[in-house]
């Protein structure tokens, strides 16, 4: 067990993304920033759980709130767990070194599993903890309820993570497909995203059906039975809910013990599978397959062509984003999912099609506000793709190459910004096509498109400034460079502030289309000029100071 604890300590030192490591000290200012960022959504979930518990308590079916919270937390952990387990267990850079040590499979898996569990606590804090707090306040839960809640909160992530790990262990052991590591990452990532889209469609469809029912009490009962039936399919959830609802009784304590027993049993099953399959699946994992092609001089000449430095560098950045599965899923594919989620309501709800003319009329009446709202949305989309806010971090240990290329560092930084602008631009075109489908007037679309150029440049520049000031250069797998990079969140917060600057004055003074367009162009052109000057004057010094 001592070896496991030492491994856990090493893994956290090499991969903790919640702090900023410097030569002299470690700054923990990102932790309160993270708390402040997610506090509004936590409050909304908690208030919803509190209100729902009070409304259902008279009917005696308030345990549905706990079922909903546990199911939501378990699903999110399972969803993210597929990425984390694959990256941490198999594709981290420390694998080859760890395998040479006198360690057993269960020791390596236990240490890596612990690091993944700790990161998943962040998901639990946002999703599950508000349910526990809201329910507890509604039922006036005492100290015993708090104790049970803390125990269940700390132990619960083990269940969905174990369930996510089992199929990964089997697939990596018995399929040659896993040896093609990039293709396997694409497959698992796309599968998880499709699963998320499918759940979203089902949830929205279920909500529509819910609103169309007349027998409210009958619907609540049938919904309760459906949620409980689904929840009981997740090992231990039934006992956890019973423990929290009957926390004042002996039966509640017994259910807590049964829940802990389920967790221990599932973890032991995971360890048995790991002992049997892990080493055989992980050995040689870094030996990626490659297609070899013989080329003669003529074929080589056709492949080679002279291009400008700008074209070559931007193309290199974009190819890297498409070629690396983790970068593709987080920086490219996620950008195009936003239009998909915007279309879903019109696909599953026939009534929504009749609202298109109403949307167009409303947009024409409040043209200035609509332009400002579209501009704020563009800011959000451009910040979401994480292309520029991770562009320096993605260099990792290869950052020194930027210093030795026969090209000014300032130009390299601007070419990275242009790659982010290009990716954001494609997503924005799709969103504007959807807005045209929604019958937004052409004049508003044209004005919005003009001001959106400022928005894309703004988010792209603030993203790379955040990464220049706080790069995450030490990581053991590509996933840590993008998914555990706080610069993405920082850039999103900046985009939100900029969106407020764009929308609030427009709404308060009721700007017309022309005034709103000029306001957004002038204000953000000035801001972008200062950002441009900062990048041009400071980027080289910041890069040269990095090690």
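The values are calculated or read from the model by the stated rules, or taken from the named source; none is laboratory data. Values in this document were obtained by computation on a predicted structure and should not be read as measured data. Positions of Cβ are generated from backbone atoms using ideal geometry, with glycine treated the same way; all protein chains shown enter the neighbour counts.
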Quiz item: Does residue 498 count as buried (at least 20 other Cβ atoms within 10 Å of the Cβ), assigned to a helix (DSSP H, G or I) and either in the same structural domain as residue 370 (by TED's automatic domain parsing) or touching a strand residue (DSSP E or B) at 6+ places or on another chain (Cβ under 7 Å) (or both)?
Solution: yes
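Yes or no, residue by residue, for (1) modelled with pLDDT of 70 or more; (2) in contact with a helix residue (DSSP H, G or I) (Cβ under 8 Å, 6 or more places away or on another chain):
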{"position": "250", "(1), (2)": "yes, no"}
{"position": "260", "(1), (2)": "yes, yes"}
{"position": "265", "(1), (2)": "yes, no"}
{"position": "275", "(1), (2)": "yes, yes"}
{"position": "281", "(1), (2)": "yes, yes"}
{"position": "288", "(1), (2)": "no, yes"}
{"position": "302", "(1), (2)": "no, no"}
{"position": "324", "(1), (2)": "yes, yes"}
{"position": "330", "(1), (2)": "yes, yes"}
Self-check item: Considering residues of the range 378-399 that are within 18 Å of the chain's Cα centre (by Cα) and part of a helix (DSSP H, G or I) only, the residue surrounded by the fewest Cβ atoms within 10 Å (Cβ to Cβ)
Solution: 380
Quiz item: Does residue 520 meet the test of being in a helix (DSSP H, G or I) and closer than 18 Å to residue 370 by Cβ?
Solution: yes
Practice problem: Starting from residues that are part of a helix (DSSP H, G or I) and modelled with pLDDT of 80 or more, keep the ones in the range 466-480 and report whichever is surrounded by the most Cβ atoms within 10 Å (Cβ to Cβ). | Solution: 467
Quiz item: Quick one: in the range 402-432, which of the residues that are in a helix (DSSP H, G or I), surrounded by fewer than 17 Cβ atoms within 10 Å (Cβ to Cβ) and without any contact (Cβ under 8 Å) to a residue 24 or more places away in the chain is nearest to the chain's Cα centre (by Cα)?
Solution: 429
Quiz item: Pairs, please: C-beta under 6 Å, at least 6 apart or cross-chain, first residue not assigned by TED's automatic domain parsing to the domain that holds residue 465 and in the range 385-401, second surrounded by 24 or more Cβ atoms within 10 Å (Cβ to Cβ) and not in a helix (DSSP H, G or I)?
Solution: none
